[in-house]
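Step one of this worksheet: look at the structure below.
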Amino acid sequence: MTVRCLGGCGGQVERSGYLLSKDGSTILLDYGAQLSKPPVFPLHVAPRQLDGFVVSHAHLDHTGGAPYLYISGRMPVYSQEVTMKQVDLLVRDFLKLSGPRLPYEFLELHTLLQHSKHLGYHEKTQMGKGVFSVELYNSGHIPGGASLMVETGKERLLYTSDINTYETRLMSPAETTYGELDAIICESTYAGRFHPDRKATEGRFLERVSEMVQGGGTVLIPTFAIGRSQEILLILHQGGYENDLYMDGMALAATRLFIEHSDVLKEPPALERAMESVTEVYRWKDRKKVVDKPGVIIAPAGMLGGGTAIFYMSRIYKNPKNAIFIVGFRAPGTPGKALVEEKRAYIRGVETRVEAEVESFKFSSHADQKGFEGIFKGLEGDPLVILVHGEESRVQQQVKFVTQEIGLKACAPGLGDEIEIGGNGPLQGR
Ligand SMILES: [Zn+2]
Ligand SMILES: [Zn+2]
C-alpha cells in the first residue's frame with residue numbers, strides 16, 4: 001500500500017488529506033482546507049480516479065475541500081451519519097463567509113451529501129473494488145469523530161485523525177487498542193506539550209463564572225459551535241450552574257444535532273438534560289435583552305473572527321464587571337489571541353482596550369504528549385509511525401521521541417511525499 005500525503009504534513013496543521021493506493025485501487029482519507037484568506041486545499045487529486053472517500057470528522061481542516069471533489073467526482077463518501085450532518089452545517093457557514101474565495105458552491109456540497117454513506121463505529125466496509133476495508137474507531141475528539149483503520153489483505157494502517165485520549169464531559173476517551181499494525185499516521189497538534197489538570201481547570205472556570213455573575217456581570221464565552229459549546233454547557237450544568245444561561249447561533253443547531261444522535265456521546269441523556277437549563281437565543285431583540293442581564297452567554301465564533309460573539313463583545317467590553325472567557329485554541333493572528341494577550345479588540349472597526357475581565361481556560365480536545373506516549377507504548381507489531389498535523393518543530397521532536405524512546409521507526413513526511421507501507425521502504429521524492 002502506498003500513502004501519499006496531500007496535506008496536513010510538512011509542518012502544516014490544517015488541510016489534511018491522505019491518498020492510499022494499492023493494486024489499482026485508490027481511496028482518500030479526509031480532504032480539508034486551510035482557513036486562510038484565500039483558503040488553501042490539499043494537493044490536487046483527480047476525483048475520477050478515486051474509488052472511495054472517508055471523512056474522519058467534521059472540522060473544516062479535514063472536510064473544507066471535500067465538496068471540491070464533487071464537481072466531477074461521484075464516489076461514495078463514508079463517515080458517521082452525525083459527521084456528515086455537521087459537515088453540512090460547517091460548509092454552509094464556510095460558503096457564507098468565504099463563498100467568493102471557494103472553488104465550489106452549494107451544488108457541490110449537495111452532491112457530496114448525496115453520496116454520503118453512513119458508517120457506525122466498528123462496522124467494516126469494503127472499498128476500492130474490495131481492495132480496502134475501512135473501520136471507524138472512536139477518536140474521542142468531537143461527536144462522530146473517528147480514527148480510521150484501513151486494511152488490505154496484507155497491510156493494516158491506522159490513521160488517528162484528531163484524537164483525544166482523555167475523557168471529557170461530552171466524549172468517551174479515544175479507543176487506542178489497534179492490534180498489530182504496519183503503520184500509523186498520527187496527529188501531533190500538542191506533541192511535546194502537557195495539558196493542565198482538567199479537573200482543576202474546570203474548578204477554576206466554574207468559580208470564576210459564579211464570581212462574575214454574582215457580581216452582576218455578564219460572562220461571554222465565545223466558542224466553536226461544534227463540540228466545545230456542548231462541553232462548556234456540560235461543565236456548567238454538571239458543576240451546578242443552571243441559572244441565566246444563554247446559547248446562540250450555530251451552537252444551538254449543533255447541540256440539537258448531537259441530542260438527535262446522542263449514541264455517539266459518552267452519556268446520551270446528559271446533553272438533553274443540560275439543554276433544559278438553557279435559554280435559546282435566535283433574534284436580535286433577544287440578544288439585546290440578554291446581554292444587559294447578569295448571566296452566561298455561549299456564542300460562536302471561538303476565535304472571535306465572526307458570529308454573534310462579536311455583537312455581545314461590543315456590548316460588554318467597557319464594563320469591568322463583565323468578563324470574556326476564552327475556552328479554546330487561539331490561532332496566531334486571530335482576534336481571540338490579541339484579546340487574551342493584549343486585552344485589545346476591534347470594536348466596530350476601531351482598536352480598543354477591553355475593560356471587561358479576560359481569562360483563558362484550556363479545555364483541549366486533543367491528546368497531549370502524555371496521551372501520545374500512551375498510544376505509542378500500546379502499539380503492537382512493528383509499525384512505521386508517520387507524524388503529521390503539527391508544527392514542524394513539534395513533529396520533528398516527536399520523530400526523535402518515537403525513534404529514541406519508543407524504539408519504532410518514525411518519519412515526518414513533507415507535502416506530496418509518498419510512503420510505501422508493508423515493505424517499510426524509504427520515503428520517495430515529491
Ligand atoms: Zn478536529
Ligand atoms: Zn485537525
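Restricting attention to segment 10-27, the residues that are within 25 Å of the chain's Cα centre (by Cα) and either part of a strand (DSSP E or B) or within 12 Å of ligand 2 (Cβ to nearest atom) (or both) total 10.
Every residue in segment 193-232 that is crowded, with 17+ Cβ neighbours inside 10 Å, in a helix (DSSP H, G or I) and within 23 Å of the chain's Cα centre (by Cα), please. Of everything in segment 193-232, those that are crowded, with 17+ Cβ neighbours inside 10 Å, in a helix (DSSP H, G or I) and within 23 Å of the chain's Cα centre (by Cα) turn out to be THR201, GLU202, PHE205, ARG228, SER229, GLN230, GLU231, ILE232. Of the residues in segment 81-90, at least one is in a helix (DSSP H, G or I), of a type in the set (Lys, Arg) and modelled with pLDDT of 95 or more. Return yes when MET313 is farther than 20 Å from LYS96 by Cβ and buried (at least 21 other Cβ atoms within 10 Å of the Cβ) and no when it is not. Yes. Of all positions in segment 37-53, none carries a residue that is assigned by TED's automatic domain parsing to the domain that holds PRO383 and within 14 Å of ligand 1 (Cβ to nearest atom). Scanning segment 375-426 for residues that are closer than 18 Å to ARG193 by Cβ and in a loop (DSSP other than H, G, I, E, B) yields HIS389, GLY390, GLU391, ALA412.
Pairing residues of segment 51-62 that are outside any strand (DSSP E or B) with residues that are away from ligand 1 (no atom under 15 Å from the Cβ), at Cβ distances under 7 Å and at least 6 apart in sequence or on separate chains, gives ASP51/SER25; ASP51/THR26; ASP51/ILE27; ASP51/MET75; ASP51/MET127; ASP51/GLY128; ASP51/LYS129; VAL55/VAL77. Can you say whether ALA183 is under 21 Å from the mean Cα position of the chain (by Cα) and at pLDDT 95 or above, as far as the supplied structure shows? Against the criterion (under 21 Å from the mean Cα position of the chain (by Cα) and at pLDDT 95 or above), ALA183 does not qualify.
What number of residues within segment 39-64 are more than 26 Å from GLY24 (Cβ to Cβ) and among the polar types (S, T, N, Q)? Within segment 39-64, residues that are more than 26 Å from GLY24 (Cβ to Cβ) and among the polar types (S, T, N, Q) number 1. The lone criterion from (1) among the hydroxyl-bearing types (Ser, Thr, Tyr); (2) surrounded by 21 or more Cβ atoms within 10 Å (Cβ to Cβ); (3) more than 16 Å from the chain's Cα centre (by Cα) left unmet by SER98 is number (2). Residues that are more than 15 Å from ligand 2 (Cβ to nearest atom) and crowded, with 24+ Cβ neighbours inside 10 Å within segment 28-51 comprise just one, LEU28.
The values are calculated or read from the model by the stated rules, or taken from the named source; none is laboratory data. In this text the structure is predicted, and so the values were computed from the model without any measurement. Virtual Cβ from ideal backbone geometry, glycine too; neighbours counted across all protein chains shown.
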